[in-house]
1. By how many nm would the segment from T8 to D197 grow when fully extended, if each residue of separation counts as 0.36 nm and the alpha-carbon distance is taken off?
2. Once the Cβ-Cβ distance between K317 and R261 is put in as r, and R0 is 35 Å, what FRET efficiency do you end up with, to the nearest 0.05?
3. Which residues' amide hydrogens lie under 5 Å from the amide hydrogen of R384, considering only partners 5 or more residues apart or on another chain, with H built in the peptide plane?
4. If you take the beta carbon distance between Q207 and E16 as r and set R0 to 35 Å, what does 1/(1 + (r/R0)^6) give as a FRET efficiency, to the nearest 0.05?
5. May I ask you to list the residues of region 378-413 whose amide nitrogen lies under 17 Å from a point 7 Å from Cα along the Cα→beta-carbon direction of L332?
6. Going by C-beta contacts inside 10 Å, put M357, M181, M67, M1 in order with the fewest on the left.
7. Determine the distance separating the Cα centre of region 178-223 from the Cα centre of region 382-406; give it in Å without decimals.
8. What is the order of C398, C22, fewest Cβ neighbours within 10 Å to most?
Amino acid sequence: MYYLLNQTNQIIAADESLLALCEVSHIDELSSKIILGDTTFDPVSEDQIIINNDQTYTISKTSLSSMLGDLTLVNVALADSIKTDSELSELLDEDNFLDDITIGDTIEENLDEIAPLDLDLDADLLSIKPDSDEETFSFRDEPESDELDIEDLLLPETEVSISPENNEDIQINIEKISQEMGVSHEDYNAFLDEYIDTALELETDLQSKEEEKRENAVSTLSQLGDVLRLPVIDTIIKKLSTAPTNTHKGLIASFYSTLSRLTTQTDKEEAVEEETEDISLELFDMPLEKVKTIEEMKAAKNVNTNSFGTISLDGIKPIHFDFQLEEAANDLSLPVELIEEFVHDFIEQAHIETKNMLEAYENGDLDAIQKIGHLLKGASSNLRINALSDTLYQIQFCEDSSNLETFIKEYWGHFLSFEIQINALAK
């Protein structure tokens, strides 16, 4: 029995014997049963697996290079049915294995009896030597054949770690993708969160028996997957358009399972989080007096006497500029409804970050103000809110704190106008 694994250790092909063993007739059915947990491939060791919690099988793996990328061919057999070279050699050396069979007079007598039959066989295929009294045939003789063994067609074996069921995180190269899209890491994460929320909202439509609902949901998720550079997601969701209806349940389960494993967090970031947690836990092991001293030192360090003053945004009038959701949607090749969701999220985020900006101004923290300006500028630029983005650009690169109040109030006037326009559309 054989099956093929792709680069993510998913079974993408299987022979008839393996399909029959798993009680399915098509690879899509097998994939669905694996996703749902009805069929299991549990690795026992590097060369053994248990299928369906029932029988142990020995596997051998061979790396393949194909037009689809690197693949792995897995040969499956019952654990006790594969003999090593040494075991086969011992069997061949035993006296009671099979003696040579002598073909001589008995064959000639039998040939006389069937002489009336006219056997018109090619002389190259059958040769009888009447001059020889005996002809010896041995099972030890290896027949010559021009046929190629399947092993002759495969690349040399290499050690490959295989896990038929892969629950590991799927790492998104946020550095590369955000650069290609021209967005910040924060914005990409925000877009990814929106995509996941949208996918969850469309789950009912994906499972709907109405073809139009399914197609609209697939189209939306496929378009967004392309924008966010998520080929692993896009491949699964597009299968729903062409796959048989009886396989949809498994494909949908695979889609949401894969979606839950997406992450933009690197191992380095995880290590930093663990280190921070360890440091915090150490405080519980310290004497109370020492903890108080540490906290007092932190508080003293955070005190900033270089305040820029305070800014009141009360009474600021909206500064009108035009913004069209349809234009932004067309420019980003996204549905208008999705852009509208992003815009409402941005408005909510802007209220929070503006409050943080005013606090940073009171603390005299120019660096924090510039970072907030950069964050909001990136989000507004991605949503094509250009007039608002320009005002935030001034805040991001402002080095003279005396100009900050003017820039912040100008930004807020534009923001109020933008918020009024969006709220009017929602009514």
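Read-outs: derived from the displayed coordinates by stated rules, not from any lab. Remember, predicted model here, so these are calculated numbers, not experimental data. Here the Cβ is made from the backbone with ideal geometry for all residues, glycine too, and neighbour counts use every protein chain on show.
1. Working: separation 189, 0.36 × 189 = 68.04 nm, distance 2.49 nm.
Result: 65.5 nm gained on full extension.
2. Working: r = 49 Å, r/R0 = 1.39.
Result of the calculation: an efficiency of 0.10.
3. none
4. On the way: r = 31 Å, r/R0 = 0.89.
Calculated value: 0.70.
5. 378-390
6. Details: M357 26, M181 16, M67 5, M1 19.
With the fewest neighbours first, M357, M181, M67, M1 line up as M67, M181, M1, M357.
7. Here the two parts' Cα centres lie 31 Å apart.
8. Details: C398 18, C22 22.
Ascending number of Cβ neighbours within 10 Å: C398, C22.
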